[in-house]
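The structure appears below as structure tokens.
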Amino acid sequence: MNSRQAQDVILRLLADGPFRASVMADAAAQGADVAAVARGVDMAALDRFGRFLCRHYYRERIVHYFKYARALAPMTDRPPEVVLKSAEFKALMPRLILGERTSAQAVADLLKAHLTREAEAIRAAIPFWDDLVAYQAVFFLSDARPAASEARRYPTRAESTTLLELEWDLPAVLPALLRPFSRLPMPPRQRTRLLFARSPEGEVTVVRCNDALRDLLEGLTGDVEPASLAARLGLDAASLEKTLRQLERLGAIIAQGSFSSSHVGSEPADATTARKYP
């Protein structure tokens, strides 16, 4: 094993809780190369540093993606980052892989439970609280990298693409929640659907999603030719292609080479309102 390979093993040990636990339990079972690395390091110290990195990794993402809950903490007494000091998170850490979607879902579930458990008083003061928590949790989850997808012949909805149904029009009020206010900013109470997409570069975008776009995404199974889908949904073929290019740019779909991503249009298609929200 060369030094680069040994370095890769150490990086995996730091970022991959289950792998680290298995090596600490029986390094030889992971192969001679991994066992050799384990013999050359202080595994107990490496485990402590791995846990430190885990808390730091998720704290950065909580601060960013749960910034509205943090801004409202003086009203709720529920700063989201305190989850990282909980017994539940400590017990979860050995199962977490940094950047992996299933791990992010587990942490998001902890955050949602912390912020919504016995929260009747919070809901009375902030009627849109549950919607706000759900919005932030999906944003947090969207940051995680999706698993490798199976190649399909035609465009398919990306695994990381999420549609969120809300009772309140949160985008109308989100920026105001981060500014000083004497009276809580209130969004309109109207049904709102949002699309969360993660680009190949890891940028998370949120756009409003109307019924036409929802139906289109549900029809993108990877087995349906775009022209057939356009006919079924009653869409113009050229408009559909433009929409698919826009969705590919956002990361909402995987094109699988059925049209050239080098010609992704810069203008939003009719089916979307391509406005990003914080």
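The values are calculated or read from the model by the stated rules, or taken from the named source; none is laboratory data. These numbers were taken from a predicted model, which means no experiment stands behind them. Neighbour counts run over all protein chains shown; Cβ positions are idealised from the backbone, glycine included.
Yes or no: the range 168-182 includes at least one residue that is under 22 Å from T243 (Cα atoms) and within 21 Å of the chain's Cα centre (by Cα). Step through it out loud before you land on a result.
Filtering the range 168-182 down to residues under 22 Å from T243 (Cα atoms) leaves none.
No, because not a single residue in the range 168-182 is under 22 Å from T243 (Cα atoms) and within 21 Å of the chain's Cα centre (by Cα).
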* Asked: What pairs come up if the first residue lies in the range 59-77 and is touching a residue at least 24 places away in the same chain (Cβ under 8 Å), the second is of a type in the set (S, T, N, Q), and their beta carbons are under 7 Å apart, counting only those six or more places apart or on different chains?
  -> Y65/Q136; F66/Q136; Y68/Q136; A69/Q136
* To do: Please find, among R12, R59, the residue that is outside the structural domain of P80 (by TED's automatic domain parsing) and of a type in the set (K, R).
  => R12
* Please name all residue pairs, on different chains or six or more residues apart, with Cβ atoms under 6 Å, provided the first residue is in the range 162-190 and is more than 12 Å from Y68 (Cβ to Cβ) and the second residue is of a type in the set (S, T, N, Q). => L166/T192; D169/Q190; D169/T192
* Among residues of the range 20-33, those that are under 19 Å from A44 (Cβ atoms) and in contact (Cβ under 8 Å) with a residue 24 or more places away in the chain, counted -> 2
* Asked: Could you list, in sequence order, the residues of the range 1-17 that are closer than 19 Å to R95 by Cβ and either loosely packed, with under 13 Cβ neighbours inside 10 Å or of a type in the set (G, A, S) (or both)?
  -> L11, A15, G17
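Mind listing just one residue for me: the one in the range 59-94 that is small (G, A, S) and in a helix (DSSP H, G or I) and, of those, farthest from W129 (Cα to Cα)?
First, pick out the residues of the range 59-94 that are small (G, A, S): 69, 71, 73, 86-87, 91.
Okay, now just the ones that are also in a helix (DSSP H, G or I), so 69, 71, 73, 87, 91.
Numbers: A69: 9, A71: 13, A73: 12, A87: 25, A91: 27 Å.
Checked the range 59-94; the qualifying residue farthest from W129 (Cα to Cα) is A91.
Somewhere in the range 116-125, is a residue in contact with a Pro (Cβ under 8 Å, 6 or more places away or on another chain), at pLDDT 95 or above and in a helix (DSSP H, G or I)?
Kept after step one, since they are in contact with a Pro (Cβ under 8 Å, 6 or more places away or on another chain), are these residues of the range 116-125: none.
Checking the range 116-125: not a single residue is in contact with a Pro (Cβ under 8 Å, 6 or more places away or on another chain), at pLDDT 95 or above and in a helix (DSSP H, G or I).
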* **Filter result (over 27 Å from G99 (Cβ atoms) and part of a loop (DSSP other than H, G, I, E, B)) within the range 143-175** => R153, Y154, E167, W168, D169, V173
* Could you check how many residues of the range 170-208 are over 17 Å from A125 (Cα atoms), crowded, with 19+ Cβ neighbours inside 10 Å and not polar (S, T, N, Q)? => 9
* Asked: Using beta carbons and a limit of 6 Å, which pairs, at least six apart or on different chains, have the first residue in the range 40-56 and modelled with pLDDT of 95 or more and the second one of a type in the set (K, R)?
  -> G50/R20
